[in-house]
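Enquirer: Let me give you the structure first, and then I'll get to my questions.
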Amino acid sequence: MKRIVIAAAALCALATAAPAADLPAKSKTSTFANLLTSYTGQGLYVGANMGGGGGSANVASANVVALQGLVGLTVGYAWTLSPTNFAAIEADFDVMNLSTGSNAGLTLNGPADFEQRFIYGFPMGNLSQLPVVGPIFTSIFGSNSTLPPFQALPPGVTATNSHMYLFAGADEKDVSANLGLASSRAWLIAPEVGFGNRTQLSNGFALDTSLAAQFDSQGTCVGSPFGNMCGNIGTSYIGKLKLLY
């Protein structure tokens, strides 16, 4: 009798386990896949970014060039406002090199740089239609100039749904080293504005290029022992290339 009870219990266990094995896997993987899909201009997206640029700085009463290189991660959320317009909020988490002179080396243990953007995208035929800077591009590149093309795409990948956009935001640089302090002690928080171009690719990614003007001389210095002095950094112009998904 005891053996019969044990056998019956075993059969019940197998009977309940078999249908469970046939159920589709719904777990964290599918939940994550539903949360993060290929870039469509709608919803959550992530990516990688790299960039660099320069501007003016005042060191020992002399005007020098301040060089900056960046590499890091991008996280954003986009809304489709119409078939041709979109909006997004976006944040970059980067390591950087901020130096004067010709030294523009970049290391992964370098100081941090954080950037937040509010983006408004719209279709635009050529650069001449950009407000304020449009006439400047026209005088340099001609009246029908478009944004410079991206690097060659992999075989079989095509670019579609290209949008130009304007953005405004803020940038926070760790300038502790410029003031002779330990890392993460002094931060320069500055406003920025800029424009860019975002193009969806047939492989689910999107390529994004942008140019930002960061008004560091109008920024606020936090944590500096010298009051509002943050190294006398002037306006910087930073270009970025992003691969989004």
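Enquirer: I'd like to verify a number: residues in the range 145-186 that are closer than 23 Å to Asn97 by Cβ, at pLDDT below 80 and outside any loop (DSSP other than H, G, I, E, B), how many?
Expert: Result for the range 145-186: 3.
Enquirer: For Ala190, indicate whether it is in a strand (DSSP E or B), at pLDDT 80 or above and over 22 Å from Ala78 (Cα atoms). Before you say what the answer is, go through the steps one by one.
Expert: Values: in a strand (DSSP E or B): yes; at pLDDT 80 or above: yes; over 22 Å from Ala78 (Cα atoms): yes.
In short, yes.
Enquirer: Pairs needed: first member in the range 186-204, closer than 15 Å to Thr235 by Cβ; second member anywhere, modelled with pLDDT under 90 and basic (Lys, Arg); C-beta distance under 8 Å; at least 6 residues apart or different chains.
Expert: So the pair list comes out as Leu188/Lys173; Ala190/Lys173.
Enquirer: Determine if the range 234-241 includes at least one residue that is at pLDDT 90 or above and surrounded by 17 or more Cβ atoms within 10 Å (Cβ to Cβ). Full working, then the answer.
Expert: First, pick out the residues of the range 234-241 that are at pLDDT 90 or above: 237-241.
Filter again for surrounded by 17 or more Cβ atoms within 10 Å (Cβ to Cβ), leaving 238, 240.
Yes, the range 234-241 contains a residue that is at pLDDT 90 or above and surrounded by 17 or more Cβ atoms within 10 Å (Cβ to Cβ).
The values are calculated or read from the model by the stated rules, or taken from the named source; none is laboratory data. Quick caveat, the model's predicted, so the values are computed rather than measured. Neighbour counts run over all protein chains shown; Cβ positions are idealised from the backbone, glycine included.
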